[in-house]
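Visitor: The structure's right below; bear with me while I get my questions together.
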Amino acid sequence: MKLKNPVLVEGLPGIGNVAKICVDFLKEEMRAKHLFTIYSDELPHSVFVTEDSLLELPHVEFSYFKAKKRHVVLLSGTSQATSERGSYALMKEILKRAKRIGVKEIITLGGIGHAKPPSKPKVHLVATHKEMLKRAQKLDVLVDGSSSVGIIIGAAGLLLGLGKRMGFKGFSLLVDTFSHPSYLGFSEAQMLLKVLKQYLDFEVDERKLKPFQKQFFVERRKPVKKERLTYIG
């Protein structure tokens with residue numbers, strides 16, 4: 001099947017798991033169709049145990065659904081790469097696969113970690129090109145340069161940074177969230193979802209995000225030692 005003007009939306013695990021929650025929810029609610037799965041030795045050397053006691057290798061996968069005017073390709077998965085070198089290798093492979101299916105635009109999602117739960121979280125936007133900033137002017141986001149976002153680590157940053165060198169355009173949506181390892185940012189994920197709906201023009205019942213919490217699985221990560229983070233992912 002040839003996809004119509006596909007845009008890639010990344011939602012891999014990260015701070016608050018806001019990106020993963022958002023994309024996993026979209027994958028389920030929009031009944032996204034599977035494209036392909038990538039297994040890599042750059043991912044954690046472990047397996048996951050499912051609710052029905054079966055083993056599952058760490059992986060990332062592509063799926064897609066049709067918005068009103070274009071196809072949306074979702075990048076979801078169980079893990080990010082375990083090393084900096086591995087992250088570069090995995091992101092390059094993802095970008096190669098994206099180019100093969102006609103993707104030219106990328107949107108990454110992530111969380112800006114705070115030492116305390118933010119009272120009034122905002123969604124921040126950074127882009128690869130000025131053209132993408134102009135496209136986002138009508139969105140409910142903050143475009144305030146490095147005052148809020150100093151560095152973007154992992155998939156949320158590398159996909160855009162490497163992608164720009166490969167001819168892709170795009171932007172990252174980063175929402176303020178709590179950096180505690182056991183925190184799951186469902187309300188923040190809903191904020192990302194609202195911006196995506198506005199930009200990509202599709203309909204989904206956001207109220208279903210709350211019961212989605214009951215079935216959401218997340219791998220526990222090591223505690224964050226720093227009191228304040230400028231990241232993101």
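Visitor: Restricting attention to the range 17-50, report how many residues are closer than 26 Å to G102 by Cβ and in contact (Cβ under 8 Å) with a residue 60 or more places away in the chain.
Guide: Of the residues in the range 17-50, 12 are closer than 26 Å to G102 by Cβ and in contact (Cβ under 8 Å) with a residue 60 or more places away in the chain.
Visitor: Say we look at the range 20-63 and pick out the residues that are closer than 30 Å to D201 by Cβ and small (G, A, S); which of these is farthest from the chain's Cα centre (by Cα)?
Guide: The initial filter retains those residues of the range 20-63 that are closer than 30 Å to D201 by Cβ, namely 20-38, 59-63.
Subset that is small (G, A, S): 32, 63.
On the way: A32: 16, S63: 13 Å.
Among them, the one singled out is A32.
Visitor: So which of K130, K169, K122 ends up being closer than 28 Å to N5 by Cβ, touching a residue at least 40 places away in the same chain (Cβ under 8 Å) and of a type in the set (K, R)?
Guide: Values: K130 fails: touching a residue at least 40 places away in the same chain (Cβ under 8 Å); K122 fails: closer than 28 Å to N5 by Cβ.
Going through K130, K169, K122 in turn, just one is closer than 28 Å to N5 by Cβ, touching a residue at least 40 places away in the same chain (Cβ under 8 Å) and of a type in the set (K, R): K169.
Visitor: From the residues in the range 100-130 that are buried (at least 21 other Cβ atoms within 10 Å of the Cβ) and among the small types (G, A, S), which one is nearest to I38 (Cα to Cα)?
Guide: Checked the range 100-130; the qualifying residue nearest to I38 (Cα to Cα) is G110.
Visitor: Anything in the range 1-54 that is in a strand (DSSP E or B) and β-branched (V, I, T)? List them, or say none. Walk me through how you get there before you give the answer.
Guide: So in the range 1-54, the residues in a strand (DSSP E or B) come out as 7-10, 33-38, 48-49.
Correct list: V7, V9, T37, I38, V49.
Visitor: Restricting to the range 214-233, and then to whatever is surrounded by fewer than 17 Cβ atoms within 10 Å (Cβ to Cβ) and under 20 Å from V123 (Cβ atoms), can you tell me which residue is modelled with the lowest pLDDT?
Guide: Among them, the one singled out is R228.
Visitor: Say whether the condition of being surrounded by fewer than 17 Cβ atoms within 10 Å (Cβ to Cβ), among the small types (G, A, S) and over 30 Å from I101 (Cβ atoms) is met by at least one residue in the range 168-181.
Guide: Checked the range 168-181: no residue is surrounded by fewer than 17 Cβ atoms within 10 Å (Cβ to Cβ), among the small types (G, A, S) and over 30 Å from I101 (Cβ atoms).
This table checks each residue for (1) closer than 26 Å to K197 by Cβ; (2) of a type in the set (K, R); (3) surrounded by 15 or more Cβ atoms within 10 Å (Cβ to Cβ).
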position	(1), (2), (3)
L12	yes, no, yes
V18	yes, no, yes
S53	no, no, no
V60	yes, no, yes
L75	yes, no, yes
T78	yes, no, yes
G86	no, no, yes
A98	yes, no, yes
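Visitor: So, one more: State the number of residues belonging to the range 151-170 that are in contact with a helix residue (DSSP H, G or I) (Cβ under 9 Å, 6 or more places away or on another chain) and over 19 Å from G113 (Cα atoms).
Guide: Of the residues in that region, 9 qualify.
Visitor: In the list D176, D201, D205, which residue meets the criterion of being of a type in the set (D, E) and at positive phi?
Guide: D201
The values are calculated or read from the model by the stated rules, or taken from the named source; none is laboratory data. All figures in this text were calculated on a predicted structure; none of them were measured in a lab. Positions of Cβ are generated from backbone atoms using ideal geometry, with glycine treated the same way; all protein chains shown enter the neighbour counts.
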